[in-house]
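The values are calculated or read from the model by the stated rules, or taken from the named source; none is laboratory data. The structure displayed is predicted, hence computed values, not measured ones. Cβ: placed from backbone, ideal geometry, glycine included. Neighbour counts: every protein chain shown. For the accessible areas, the whole protein counts, side chains as well, though only heavy atoms, and no ligand, DNA or RNA atoms are used. Shrake-Rupley method; radii C 1.70, N 1.55, O 1.52, S 1.80 Å.
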Amino acid sequence: ALFADRGGVAAYIRDQRVRRVSTMLSRSDTRGLPISELARQAGFDNVTGFNRAFKARYDMSPRDMRALRAAGGLSQVATLDPAAQYGEWLHGL
């Protein structure tokens, strides 16, 4: 019941794993690793399932997000996460 508004426990865990990979995409120590390896480190067994979950969360592929971040188009914070964007804005006040 505690996770009902988040789609259930499995959906919450999947979302946390996707967010972890999103963060890893911008770190310099993981820049050279394949996205499939980042997904595996975050706990995904299936790359196709990971890609589907990532695109549903961020409306772009992990490859596209990595390229945007490398080009400076997205911040390092858990991008496109409204809570993170609000936190960034609040911190800048």
ask   = Do we find that residue 4 is at pLDDT below 95, over 16 Å from residue 62 (Cα atoms) and open to solvent by 50 Å² or more (accessible area, probe 1.4 Å) in this structure?
value = yes
task = State whether one or more residues within segment 13-23 are at positive phi and either at pLDDT 80 or above or not β-branched (Val, Ile, Thr) (or both).
result = no
In segment 8-54, residue farthest from the chain's Cα centre (by Cα) [restricted to those that are assigned to a loop (DSSP other than H, G, I, E, B) and surrounded by 13 or more Cβ atoms within 10 Å (Cβ to Cβ)] = 33
